[in-house]
There are 2 protein chains.
Amino acid sequence: MKELEEYIQKGEVIAPDIVKVDHFLNHQINIKLLKKIGEAFKERFHDVSIDKIVTMETSGIAVAAIVSLYFDDVPVVYIKKEKSAITSKNMLEEKVHSFTKNKDYIACLDGRYIQKGERILLIDDFLANGAALKGMISLVEKAGGTCVGAGIVIEKAFMNGRKPFEEKGYRIEALARIESVEEGIVKFKKG
Amino acid sequence: MKELEEYIQKGEVIAPDIVKVDHFLNHQINIKLLKKIGEAFKERFHDVSIDKIVTMETSGIAVAAIVSLYFDDVPVVYIKKEKSAITSKNMLEEKVHSFTKNKDYIACLDGRYIQKGERILLIDDFLANGAALKGMISLVEKAGGTCVGAGIVIEKAFMNGRKPFEEKGYRIEALARIESVEEGIVKFKKG
């Protein structure tokens, strides 16, 4: 997605593995661009019928909400990264290691919000080493849902995080695939 | 907003001051309902022109993203509740006391995302004692923006949090105003 790539290239590159997208995705949100992202995911997943979208807080939420508009306004469930003070007996948990923050967190999903057999489209802003995606899939499947695909806005393709998922048969579609980041220049994979 | 009130009444009431809205707003998100919420805010603020929407992570984000659709897709900026590991010299900060979690957090806004003189509509899921709203207004004004109004999904009207803001001339519109919560029954104020 050309326009998305241009926005990414305008961001600060802090280190090869940290590309800042605060100007349009993770602090300020460009809603017009998110609508184009929603259209693009609809095109990629036009052959798939889904019941719900699942994402991870925080930065996946706005993307998932706008993407839902292109899939008949299906409900969005966002996985929480913090245990609620009010525990629920339905709460499913999964430990996830955050690559960016270099620490573990507990991803939580109230099992009541995924019904057995529901077809789930996963949406997230980044795919790096795949730890967050692994946690999301695990929680959705524990709740009885089926992951019909994962729509990723920005993939750090150089980290090869998608490989183990594709080997297991999961379908991943990424709109911008970063091939390399060298001396502040972000390069993308074609296609 | 009748439909919104009905959703709130279906939620668990943990204590008089804690009404759970995880089933449609804060964990699972009902996008169809959010669109009606967006329409309702547009109706309330039809006379106002805005440049941006500002909200607070996490639960304000989906609301703000959908509300933007009814205001010409203006950009949304969400205030963060955690300092980024990568500090920015443009970061504005404000200490806020969370009533629900009974602890302080540092609300952060990158001043580059609010331009001097921009007209800001604040959006949040809850108004309780007003601490979060106070922090939002303070950050927006520090950045040079003008708060033209605050759109609140659910107001705990019995806490009277809106009073100091109205006394200072801020305009607040809430779609559901909880008058009381007694023995698990939520009652709403008219109008």
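The values are calculated or read from the model by the stated rules, or taken from the named source; none is laboratory data. All values derive from a computational prediction rather than experimental measurement. Using ideal geometry, Cβ is built from the backbone for each residue, glycine included, and neighbour counts are taken over all protein chains shown.
This table checks each residue for (1) touching a residue at least 60 places away in the same chain (Cβ under 8 Å); (2) in a strand (DSSP E or B); (3) closer than 25 Å to B:LYS142 by Cα.
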residue	(1), (2), (3)
B:ASN26	yes, no, no
B:LYS35	no, no, no
B:GLY38	no, no, no
B:THR58	no, no, yes
Odd one out for A:LYS101, checked against (1) of a type outside the set (A, V, I, L, M, F, W, C); (2) outside any strand (DSSP E or B); (3) touching a strand residue (DSSP E or B) at 6+ places or on another chain (Cβ under 8 Å); (4) at the interface with chain B (Cβ under 9 Å from one of its Cβ atoms): (3)
Breaking point among (1) more than 16 Å from A:ILE123 (Cα to Cα); (2) modelled with pLDDT of 95 or more; (3) not basic (Lys, Arg), for A:ASP17: (2)
A:LYS42 being more than 18 Å from A:ARG171 (Cα to Cα), of a type in the set (Lys, Arg) and surrounded by 15 or more Cβ atoms within 10 Å (Cβ to Cβ): no
Within the stretch B:46-61, considering residues that are closer than 19 Å to B:GLN28 by Cα and more than 7 Å from chain A (Cβ to nearest Cβ), the one surrounded by the fewest Cβ atoms within 10 Å (Cβ to Cβ): B:SER59
Test: residue in the stretch A:62-71 that is touching a helix residue (DSSP H, G or I) at 6+ places or on another chain (Cβ under 6 Å), more than 9 Å from chain B (Cβ to nearest Cβ) and surrounded by 22 or more Cβ atoms within 10 Å (Cβ to Cβ): yes
Which listed residue, of B:GLY135, B:GLY149, is at pLDDT 95 or above, closer than 29 Å to B:ILE14 by Cα, under 13 Å from the mean Cα position of the chain (by Cα) and not charged (D, E, K, R): B:GLY135
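Okay, residues lined up against (1) closer than 24 Å to B:VAL13 by Cβ; (2) out of contact with any helix residue (DSSP H, G or I) (no Cβ under 9 Å at 6 or more places or on another chain):
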{"site": "B:ILE79", "(1), (2)": "no, no"}
{"site": "B:GLU118", "(1), (2)": "no, no"}
{"site": "B:ALA157", "(1), (2)": "yes, yes"}
{"site": "B:GLY169", "(1), (2)": "no, yes"}
{"site": "B:ILE178", "(1), (2)": "yes, no"}
Residue identified as over 18 Å from the mean Cα position of the chain (by Cα) and more than 12 Å from every other protein chain (Cβ to nearest Cβ) among B:GLU43, B:GLU39, B:GLU6, B:GLU94: B:GLU6
Qualifying strands (runs of 3 or more DSSP E) (wholly inside the stretch B:120-191; at least 2 residues being touching a residue at least 24 places away in the same chain (Cβ under 8 Å) and under 21 Å from B:SER49 (Cβ atoms)): B:146-156, B:172-182
